[in-house]
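The values are calculated or read from the model by the stated rules, or taken from the named source; none is laboratory data. A quick note: this is a predicted structure, and the numbers were derived from the prediction, not measured. Using ideal geometry, Cβ is built from the backbone for each residue, glycine included, and neighbour counts are taken over all protein chains shown.
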């Protein structure tokens with residue numbers, strides 16, 4: 001049986017401890033900031049950021065006036081984000097936990113969910129669980145906005161046996177459409193160098 005260490009908190013915490021985090025671009029995702037500029041999520045709304053890491057996206061949204069809750073199960077990442085939020089004089093609710101263990105008291109609390117290098121970090125077998133949790137966390141009519149890694153059918157990106165796990169437009173659409181209306185799923189014009197080939201802008205609306 002294939003070992004899946006990325007299904008354990010220790011794997012990710014060790015990555016942050018030794019700073020082996022190539023997905024961290026050191027700033028907010030330009031794809032996300034481009035989506036945010038369209039005001040899809042109402043000003044001052046509540047946002048949850050799963051797999052928040054060092055928190056560049058979380059801090060960006062908090063500075064924009066959103067009420068931000070950030071979740072990561074790496075203690076090292078949460079500690080880093082706590083320090084960064086203080087340094088940037090923003091208040092961010094922090095939860096060190098697995099995405100699957102977010103308390104049910106949070107369900108239906110958020111206007112937006114910000115997806116960036118988290119969906120691709122979980123086993124593809126868990127994607128339906130991700131969809132369910134995202135829908136649970138959002139209010140009816142709330143939006144998931146994301147920078148999503150998508151490979152064309154037949155692409156070598158789809159053959160990966162460890163994170164990041166890519167998806168296809170068809171697979172992504174089929175996975176989410178039971179609980180979300182897909183409003184945007186297009187190649188990102190704002191992706192950083194090295195991601196322009198596969199990063200998509202995604203905007204999904206939770207069905208009412």
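Points worth noting:
- Within the stretch 26-42, the residues that satisfy the criterion of being within 15 Å of residue 53 (Cα to Cα) and either at pLDDT below 95 or buried (at least 19 other Cβ atoms within 10 Å of the Cβ) (or both) are 28, 29.
- Unmet criterion (only one of (1) surrounded by 14 or more Cβ atoms within 10 Å (Cβ to Cβ); (2) out of contact with any strand residue (DSSP E or B) (no Cβ under 8 Å at 6 or more places or on another chain); (3) within 18 Å of residue 197 (Cα to Cα)) for residue 117: (2)
- Those residues of the stretch 137-162 which are touching a residue at least 60 places away in the same chain (Cβ under 8 Å) and more than 14 Å from the chain's Cα centre (by Cα), in sequence order: 139, 140, 141, 142, 161, 162
- Members of the stretch 166-194 found to be assigned to a loop (DSSP other than H, G, I, E, B), over 17 Å from residue 133 (Cβ atoms) and in contact (Cβ under 8 Å) with a residue 24 or more places away in the chain, listed by number: 166, 188, 189, 190, 191, 192
- Filter pass, residue 197 being farther than 20 Å from residue 40 by Cα, free of Cβ contacts under 8 Å to residues at least 12 places away in the same chain and either in contact with a helix residue (DSSP H, G or I) (Cβ under 8 Å, 6 or more places away or on another chain) or in a helix (DSSP H, G or I) (or both): no
- Residues that are closer than 21 Å to residue 139 by Cβ and in contact with a helix residue (DSSP H, G or I) (Cβ under 7 Å, 6 or more places away or on another chain) within the stretch 65-79 comprise 68, 70, 71, listed in sequence order.
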